[in-house]
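Below is one structure, written out as structure tokens, with a few remarks after it.
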Amino acid sequence: MSEVKISAATRTEFGKGAARRIRREDKVPGVLYGHGSDPLHLTLPGHDLLMALRTPNVLIALDIDGKTELAIPKSVQRDPLKGFLEHVDLLLVKRGERVNVDIYVQTEGELAPGAFLLEHVLNALPVEAEATHIPESVTVSIEGLSAGDSILAKDITLPKGTTLGVEEDTVVLQVLAAQAEEAPEGEETGGEEAAEA
């Protein structure tokens, strides 16, 4: 897992007006919390943070007034229309500490021939991993699966040092038979009524 270094500054201004001023300067307001310490309000460089967040569960080394703190993103708020970062919550972590995160489930291979649909019951798999070794994703083979087949959490091979954060029998992926489209009931009834008239 890569570690991204970002310089952050503490902030003392709060509220919507202050947040807007921060965003106008291409910066993002954020909060760093965890380990029983008081929340630390920060201002982070917008572009650097946006690039870092492209990596799922990225480990961020924050340089705050000359002191380095490790953190992982816990909550990211984006503008629903323009997509820019509005606010970020960061969780303070220590090397060697285990944390609970969600990792993406990717698939490889092809389903068996036929009209089958793959349903992602869980798009992300809850796991526990060492803070500095969080996997970005897991890959699952769906080769040859057909209707009725499913992949449970216990069937997924996790990277070394990573453990499941859900019950082993939790369904992660399942294969369904594609349903043929039926004609709407109103159309059938309308035809019968026309014939009676």
Of those in the range 123-143 that are part of a loop (DSSP other than H, G, I, E, B) and surrounded by fewer than 16 Cβ atoms within 10 Å (Cβ to Cβ), the residue modelled with the lowest pLDDT is Glu136
Note on the range 54-65: residues surrounded by fewer than 19 Cβ atoms within 10 Å (Cβ to Cβ) and at pLDDT 85 or above are Ala61, Asp63, Ile64
Of (1) within 20 Å of Gln174 (Cβ to Cβ); (2) part of a strand (DSSP E or B); (3) open to solvent by 30 Å² or more (accessible area, probe 1.4 Å), Val105 satisfies every one except (3)
Taking the range 4-44 and the residues there that are farther than 18 Å from Asp63 by Cα and basic (Lys, Arg), the one that is most open to solvent (accessible area, probe 1.4 Å) would be Arg24
Among the residues of the range 149-170, the number that are over 20 Å from Val93 (Cα atoms), open to solvent by 70 Å² or more (accessible area, probe 1.4 Å) and either out of contact with any helix residue (DSSP H, G or I) (no Cβ under 9 Å at 6 or more places or on another chain) or not in a loop (DSSP other than H, G, I, E, B) (or both) is 3
Practice item. Examine the range 71-80 for a residue that is assigned to a loop (DSSP other than H, G, I, E, B), at pLDDT 80 or above and of a type in the set (S, T, N, Q), and state whether such a residue exists. Key: no
If we keep only residues of the range 112-122 that are more than 17 Å from the chain's Cα centre (by Cα), at pLDDT 90 or above and aliphatic (A, V, I, L, M), then the residue nearest to Val4 (Cα to Cα) is Leu118
Of the listed residues (Leu91, Leu81), the one being without any contact (Cβ under 8 Å) to a residue 24 or more places away in the chain and more than 19 Å from Leu176 (Cβ to Cβ) is Leu81
Checked the range 66-83 for anything open to solvent by 70 Å² or more (accessible area, probe 1.4 Å), under 17 Å from the mean Cα position of the chain (by Cα) and farther than 23 Å from His133 by Cα; matches are Gln77, Arg78, Pro80
Of the residues in the range 171-182, those that are aliphatic (A, V, I, L, M) and part of a loop (DSSP other than H, G, I, E, B) come to Ala178, Ala180
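The values are calculated or read from the model by the stated rules, or taken from the named source; none is laboratory data. No experiment lies behind these values; they were computed from the predicted model shown. Virtual Cβ from ideal backbone geometry, glycine too; neighbours counted across all protein chains shown. The area values use the complete protein model at the heavy-atom level, side chains included, leaving out ligands, DNA and RNA. Shrake-Rupley method; radii C 1.70, N 1.55, O 1.52, S 1.80 Å.
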